[in-house]
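Scroll down for the structure; my scribbles are underneath it.
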Amino acid sequence: MSDAALGGRFTFPGTSLTVHRVGYGAMQLAGAGVFGPPKDPDGAVAVLREAVAAGVNHIDTSDFYGPHVTNQIIRQALHPYDAGLVIVTKLGARRPADGSWQPAISPQELTAGVHDNLRNLGLEALDIVNYRAMGAIHGPAEGSIAEQVTVLEDLRRKGLIRHIGLSNVTAAQVAEAQAITDVVCVQNNYNLAHRHDDNLIDGLARQGIAYVPFFPLGGFTPLQSSTLSSVADRLGATPMQVALAWLLHRSPNVLLIPGTSSVAHLRENLAASELTLPQEAMAELNGIAAEAPEH
């Protein structure tokens, strides 16, 4: 695929890391509930190899997916890694035997998490590590993250981390972190129907900082909208392709990491970068958030 077909290129600020704007999120490579091994390990390897063969050079992961499973599959499929492949991981949670999601935010837990990621990915240093604040049920919650970001900055100075990002955070937490270290990306819940971060995206764009929406297609409850379906029908695309294309049109600092365990679905997601949205379609799509139940 050409650079243009993958949404063009983006360079994380203050780094030499340049990626195509359409990447891949590896969460769905683990088993059901992002826990345990996948039913089809060979299929998981095939999806990763297909993504990289298509030009994807930004993979989002975490060692608490599985736990450990996703990173081990990435290593099996892609190690030794191509020059230019950027693997972004995250810290802040752990998965005990009951499959629950528990915070892991002490200095000791964060440090151990970095070493787990290094070991399971087969790396000597991690390109970008996002600190993921656990937050509230429906999104970020205010509260200091200074202690956790300081731990990551210390690990960066030791050479185990190259760059630092944030996930599931508020604008105030971004500012707090920036007083401690350079922040190269922010990863929050955002899509056509969930647009609480509009102001944050624009502010980050002015600083050249990447905004990476997780759940770009609605996550565990996929986006459902008659408007989205109507626009997709007119454009000869799937609703999910239109939703991804809208994100690429939303702002030049938006990077996509849609996930899938299917090669066919992966190809559909990557093809969304080739979709041009007419002005009238954008206007219709921009109105979807007002129709969403949370509003």
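Just to check your reading of the model, which residue among Leu255, Leu277, Leu247 is more than 27 Å from Tyr65 (Cβ to Cβ) and buried (at least 18 other Cβ atoms within 10 Å of the Cβ)?
Exactly one of Leu255, Leu277, Leu247 is more than 27 Å from Tyr65 (Cβ to Cβ) and buried (at least 18 other Cβ atoms within 10 Å of the Cβ), namely Leu277.
If I go through segment 13-33 residue by residue, how many of them are under 26 Å from Ser100 (Cβ atoms) and without any contact (Cβ under 8 Å) to a residue 60 or more places away in the chain?
3
Residue-by-condition table, conditions (1) among the charged types (D, E, K, R); (2) farther than 18 Å from Asp60 by Cβ; (3) touching a residue at least 40 places away in the same chain (Cβ under 8 Å):
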position	(1), (2), (3)
Gly139	no, yes, yes
Ser144	no, yes, no
Glu176	yes, yes, no
Cys185	no, no, yes
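Residue by residue, here is whether (1) part of a helix (DSSP H, G or I); (2) over 23 Å from Ile209 (Cβ atoms) holds:
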{"site": "Phe10", "(1), (2)": "no, no"}
{"site": "Pro37", "(1), (2)": "no, yes"}
{"site": "Asp42", "(1), (2)": "yes, yes"}
{"site": "Val45", "(1), (2)": "yes, yes"}
{"site": "Arg49", "(1), (2)": "yes, yes"}
{"site": "Gly55", "(1), (2)": "no, yes"}
{"site": "Ile59", "(1), (2)": "no, no"}
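If we scan segment 270-292, do we find a residue that is in a strand (DSSP E or B) and within 21 Å of Val19 (Cα to Cα)?
No, segment 270-292 has no match at all.
For segment 73-99, name all the residues that are more than 24 Å from Thr11 (Cβ to Cβ) and in contact (Cβ under 8 Å) with a residue 24 or more places away in the chain. Break it down stepwise before answering.
Pass one, segment 73-99, residues more than 24 Å from Thr11 (Cβ to Cβ): 73, 75-77, 79, 92-99.
Correct list: Ile73, Arg75, Gln76, Ala77, His79, Gly92, Ala93, Arg94, Arg95, Gly99.
Within segment 204-229, which residues are at pLDDT 95 or above and surrounded by 16 or more Cβ atoms within 10 Å (Cβ to Cβ)?
Scanning segment 204-229 gives Leu204, Ala205, Ile209, Ala210, Tyr211, Val212, Pro213.
Which condition does Gly43 not pass, out of (1) under 17 Å from the mean Cα position of the chain (by Cα); (2) exposed (fewer than 15 other Cβ atoms within 10 Å of the Cβ), if it passes all the others?
Checking Gly43 against (1) under 17 Å from the mean Cα position of the chain (by Cα); (2) exposed (fewer than 15 other Cβ atoms within 10 Å of the Cβ), the one that fails is (1).
Out of the residues in segment 188-203 that are in a loop (DSSP other than H, G, I, E, B) and in contact with a Ser or Thr (Cβ under 9 Å, 6 or more places away or on another chain), state the one that is modelled with the highest pLDDT.
Leu192
The values are calculated or read from the model by the stated rules, or taken from the named source; none is laboratory data. From a predicted model like this one, the values you see are computed outputs, not experimental measurements. No Cβ is skipped: glycine too gets one built from the backbone with ideal geometry, and neighbour counts run over all protein chains shown.
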